[in-house]
Structure formats: C-alpha cells, structure tokens
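Peer 1: Shown below is the structure under consideration.
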Amino acid sequence: MDPAYFFQQLVNGLTLGSLFALIAVGYTVVYGIIQLINFAHGEIFMVGAFGALGTWIILGRAEITAWWMLPVMLVGAVGVSVLTALLMERFAYRPLRRAPRLAPLITAIGISVFLQEFVRLFYGPIPNGLQRLVFGDDIPFEFPDAKAAPRFPSIEGVSGGSFVIGGVTLQYAAIFTVVALVLCWIGLYFFVNRTRVGRAMQATAQDPDTARLMGIDVDRIIMVAFAVGAALAAVAGIAHGLQYTNIEFRMGFLAGLKAFTAAVLGGIGNINGAVVGGLVLGLVEVMATAFIPGTFGGSAWKDVWAFALLILVLVFRPQGLLGARVVDRA
Amino acid sequence: MLEVRDLVVSYGRVRAVKRISFAVEQGQVVSLLGTNGAGKTTTLRTVSGLHTPDSGEIWFDGERIDRLPAHKIVQRGLAHSPEGRRIFPRLTVVDNLMLGAFARRDRGAGADLARVYELFPILHERRNQPAGTFSGGEQQMLAIGRALMSRPRMLMLDEPSMGLSPLMMKRIMSTIAELKAEGVTILLVEQNASAALALADHGYVLEVGSIAFDDTGAKLLSDDRVRRTYLGED
Ligand SMILES: Nc1ncnc2c1ncn2[C@@H]1O[C@H](COP(=O)(O)OP(=O)(O)OP(=O)(O)O)[C@@H](O)[C@H]1O
Ligand SMILES: [Mg+2]
C-alpha cells in the first residue's frame, strides 16, 4: 500500500473528526447538566454557517475576501448560534424541565424541523423583504435563497488553498478545522477547570440540588452550557463552509446525528470523550471508505460505518470509550 | 432570626409537613427531633428553597424567603449542610470548599479556608484529592466545612453526625458549640438526641409532619416522652 495514500486518509479522517468533535461537545455539555439529548443541536451548527454568510453579506458587503473577514464572520456565527440556542432553551426546553423525558426529546425533533424550514423559507425573503420596505427595489444587501445551497464566502489564503508534504495534501481549510478544534478544546479545559463558572458547571452536573445550596443559579448554568455548545458548533459551521464551499439548510441533520454518535462513543457527559469520540468517528468513516474493498467499500457506504460503530460501542462498552461522567440511562 | 409559620409541604399528594411553626432566635442553637420520616429534612429543604411550600410563610432576618430561589437564600446568609453529605464527588476537596464560598461577594474566603483547615486538618492534608474517595466521616467534615465557607449567619445541619465514630462525633459537636460561641445561629437536625439537646437552647419534636411539643433543651433531655422515643430508655 502507498504510505502517502494512507497518510492522506489519516489527515482527511482527523479533519472530518475535528468537525464532528466541535459539534459533539454541545451534545455532551448539555447532557451532562440536564440529561437532555438536544437533537436540535445539529441545526445550531447549520444556523452558525448561515450566520457567518449573513455577516459577510452585511459587513463584508458580499465582496471582501481578506483574511480578517474570518474573525468577523466567526463573531457573527457565534452570535447567531448562541442566540438561537438560548432562545430554544428558554422557550422550548425550560418550560419542560419537570416534564417526563419523552417531552423534551420530541420537542427537540420539532425544533430541528422548525429551524431547517425557517432557514429554507425565510433566510433570503425576510432580510431582503425588510430592506425593500426601506430602500425600494435596489437593496444594499442581497441575501441568497437558502433553497439552493448558497456559496460560502471564499477567504483568501484559506478557501481552496493547500500545500503538499511527502505526497500528502494539506488543505488550509482542513488545517483551520483541526487548529480550531485544538484551540476550542484548550479553551474549554481552562473554562471548565479553572474558572468559577466552570466549576459551578461541574458542581451542577454532579448534584444540581446541592449546587443550588451553594448559591449557584442553575438556570444560568444551563444557559452557559447551551451557549458554550452553540459557540463551538458555530465554529464548526464556518469550518464546514470553508471546506465544502456550499452550505445548505439540511447540513445539520446528518452532521448532528454523527456528532451525537461521537458523543455517545466517547461517553456522553464527558467533554474529552466527545472530542476523542469525534476524532475516532471521523477516522473510522474515512478509513473504512478508503480501505474496505468490494461491495461494502467506497463512499456509498460512508454513512453506515458511524452507526455500525455506535451499535458496537453500545453493545460492548455502553459507557463509551472514556466512560460517561453521568451514570444515568433512560 | 428564622421564623416558620404554618408551613405545609407535600410530595405530589403526600403531605410531608403539616402546618408546622417554629422559630430560631439569633445566636441560638435549636434542635429539631423526630423519628424517621417525620419531615425534618423536608422542612430544612423547604427553608433553603429547594421545595416550594403549599402554604405558610418563612421569614429570615425580617424578610420573607419562601418564594425565593435557593441560590438567593444562601446569599442572604443561610447555609445548609444537607442530609447524606452531598459533597461533589469528582471535585477536589479544595474545589468543594471553594464552591461553599460561591455565594459570597467579599474576598474573605481565604481566611475561612484557613479556618476550616484548622478545624479539620485532614481536609488540608488531602485538599487535592477527589472528594468521592473520602470515607463517610471525612465527607461529613467536608460538608460542614463547605457550609461554613459561605460565612453564614445561620447554619442548618441535617444529621451531621451520621456515620461518624464517637470521637469524630464529639469533634463535630464541639465545633457546633464553637460556632455558637462565635454567634452563628444553628438549626440542628440530629439522630443523636442527647448530644443535640445538650447543645440546644430549644428543641422541637416533630411527629409525622406536625410538631408534637417543644421546650428548652435541658427540659426535653429530662422529658419522659423524649427519653423513651429518642434516647432509647424505658
Ligand atoms: N422525594 C420524595 N418524594 C416523595 N416522598 C418523600 C420524598 N422525600 C421524603 N418523602 C416523604 O416525606 C416524609 C418526610 O420525609 P423526610 O425526609 O423529611 O423525613 P426525615 O424526618 O428527614 O426522616 P429521616 O430521619 O429518616 O431523615 C416521609 O414520609 C418521606 O417518605
Ligand atoms: Mg432526614
């Protein structure tokens, strides 16, 4: 076997895995605090990508491609994702805090469909329509129709660029994704272990009633958990846009499902587990697609491996690779 | 300092506390006695804001607190060391203690940490160990230390001697006496009635959700009903 080919697959696997990991953290953090599987979290990732695009259309006048657009888009994406997640928490999940577990789960699926349809139907029409009311037909910021996968802004020196070492191609967008994961992971580690709010979060995950006796506002901590997960999902949304050039309103569904798989794989409730689970899942998917010969090989079977792996883990190691932090099974 | 009036608390359709009233004066140690299931823990949890009462009022320091969320009640200087210790098992001892100071606005937590370590040297020795690896008695010390970290004006202790050796038990009781001497008001729920009543200025005896009778600590110690039910004498 050609070693360069192998290493290429390794790089591709880690890149895909980083994307899963960034999203998976959101499932795990929220689960760790309120034992809710927020199935709408994949949509937060999608909304982040569209938020980045919208920021570029408004602040980049849909033409600036300089590198500094990237941090600007990042702020926009994080803002939109976090806001969406907080609204969802406040109006959909909080009223159901004491309801039987099935209720928030069904709600999550409802929100997921709602967010997809909202972006599909209104991403262009609402901002464009509002502008038409003010400016007439010649509107300054033309938002694309989300029904046809719009192009993600291309950023000079990142989008499409790459270099080759030893026969392995490293795309700048892929490097962005992996570096983003590493930075987020380090940041999260410090936040959770070294800050007051982070420790309050751990306390709440371990024993919410006693956390309240310490003076911790548990509602606030739940909001923080949703916000942190949403911020990382927004970063993933940008990474996705840079890698795949087009974004679409459906992109959160499969990515979310796989990221959820990654979270379970690593041990749901465990942050490091979500990262490791994401990376393992990305590697397995890419490697299986590249190296399994015959009928089951190739990209037609690509999406099967993640779920096959999930089933294996659930059977042989239900607590996940690193072990769930929260021993709580529905 | 704390006044509970006609408090009623239920779990679903089960009434756990049926119209109880009691008061704790500033600087006093008040003991709440009662057989298993009498409603002692429920009463403390309701005072702390973990349960919402069906009816009745709770006043702390001239302010009505029965509709306040739990985290706001600690901020007002009322700490609660819960039944069963409830330490955070995967956090270190020092992290547990510092969480006890979460509600504080001032910067004096360091001094209180030193004081807790002085009270329970073992906590200092093992400060970086996960609290879940502690023995029951050590966890109890941690739970009391953690409650003290908020520098409370009033402290509620739910069975602080549970699972402790007689020696540790003595230590905890003398700690409570010291706290009292410092002016901390204490509401004490204790299975060990003789130790609790020896310290208590006043005691209330709870029976299936109602207060059966109350008196000074010394009088209750020599009360026949108390001696039979709580001190195991006949
Ligand atoms: N979470 C709960 N759900 C339903 N009923 C409860 C719950 N907690 C307590 N109870 C009931 O409320 C009543 C009072 O319980 P509580 O724990 O307050 O008693 P206690 O006096 O603290 O007893 P112990 O000495 O055993 O600690 C009991 O009948 C108990 O079964
Ligand atoms: Mg009790």
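The values are calculated or read from the model by the stated rules, or taken from the named source; none is laboratory data. Here the structure is a predicted model, which means the values were calculated and not measured. Note that we place each Cβ from the backbone using ideal geometry, even for glycine, and neighbour counts take in every protein chain shown.
Peer 1: Assess whether B:Gly203 counts as being at pLDDT below 85, crowded, with 16+ Cβ neighbours inside 10 Å and either among the β-branched types (Val, Ile, Thr) or touching a Ser or Thr at 6+ places or on another chain (Cβ under 7 Å) (or both).
Peer 2: no
Peer 1: Return a yes/no flag: does region B:87-100 have any residue that is out of contact with any Leu (no Cβ under 9 Å at 6 or more places or on another chain) and within 16 Å of ligand 1 (Cβ to nearest atom).
Peer 2: No, region B:87-100 contains no residue that is out of contact with any Leu (no Cβ under 9 Å at 6 or more places or on another chain) and within 16 Å of ligand 1 (Cβ to nearest atom).
Peer 1: Looking for whichever is within 22 Å of A:Gly76 (Cβ to Cβ) and not acidic (Asp, Glu) here; the options are A:Ala203, A:Ala174, A:Ala233. Which one fits?
Peer 2: Sole residue among the options that is within 22 Å of A:Gly76 (Cβ to Cβ) and not acidic (Asp, Glu): A:Ala233.
Peer 1: Kindly provide the set of residues from region B:24-55 that are at positive phi and away from ligand 1 (no atom under 15 Å from the Cβ), ordered by number.
Peer 2: B:Gly27, B:Gly49
Peer 1: Do we find a residue being more than 14 Å from chain A (Cβ to nearest Cβ) and in contact (Cβ under 8 Å) with a residue 24 or more places away in the chain anywhere in region B:95-110?
Peer 2: Yes: one or more hits.
Peer 1: Here's a follow-up. Among the numbered conditions (1) among the β-branched types (Val, Ile, Thr); (2) surrounded by 16 or more Cβ atoms within 10 Å (Cβ to Cβ); (3) away from ligand 2 (no atom under 16 Å from the Cβ), tell me where B:Thr52 comes up short.
Peer 2: Of everything listed in (1) among the β-branched types (Val, Ile, Thr); (2) surrounded by 16 or more Cβ atoms within 10 Å (Cβ to Cβ); (3) away from ligand 2 (no atom under 16 Å from the Cβ), B:Thr52 misses just condition (2).
Peer 1: Further question on the same structure: Going by what's in this entry, would A:Ala174 be described as over 30 Å from B:His71 (Cα atoms), touching a strand residue (DSSP E or B) at 6+ places or on another chain (Cβ under 7 Å) and either away from chain B (no Cβ under 14 Å) or assigned to a loop (DSSP other than H, G, I, E, B) (or both)?
Peer 2: Against the criterion (over 30 Å from B:His71 (Cα atoms), touching a strand residue (DSSP E or B) at 6+ places or on another chain (Cβ under 7 Å) and either away from chain B (no Cβ under 14 Å) or assigned to a loop (DSSP other than H, G, I, E, B) (or both)), A:Ala174 does not qualify.
Peer 1: All but one of (1) surrounded by fewer than 19 Cβ atoms within 10 Å (Cβ to Cβ); (2) more than 14 Å from every other protein chain (Cβ to nearest Cβ); (3) under 21 Å from the mean Cα position of the chain (by Cα) hold for A:Gly198; which doesn't?
Peer 2: Every listed condition holds for A:Gly198 apart from (2).
Peer 1: Here's something else I'd like to know. Can you pull out the residues in region B:19-41 that are closer than 20 Å to B:Glu83 by Cβ and either of a type in the set (Gly, Ala, Ser) or surrounded by fewer than 18 Cβ atoms within 10 Å (Cβ to Cβ) (or both)?
Peer 2: Correct list: B:Ser31, B:Gly34, B:Thr35, B:Asn36, B:Gly37, B:Ala38, B:Gly39.
Peer 1: Moving on. Would you point out which residue out of B:Arg126, B:Arg153 is of a type in the set (D, E, K, R), more than 16 Å from ligand 1 (Cβ to nearest atom), at pLDDT 85 or above and under 21 Å from A:Gly215 (Cβ atoms)?
Peer 2: B:Arg153
Peer 1: Taking B:Ala23, is it more than 16 Å from ligand 2 (Cβ to nearest atom) and more than 14 Å from every other protein chain (Cβ to nearest Cβ)?
Peer 2: yes
Peer 1: Report whether or not B:Ser31 is within 16 Å of ligand 2 (Cβ to nearest atom), within 14 Å of another protein chain (Cβ to nearest Cβ), out of contact with any Ser or Thr (no Cβ under 7 Å at 6 or more places or on another chain) and polar (S, T, N, Q).
Peer 2: no
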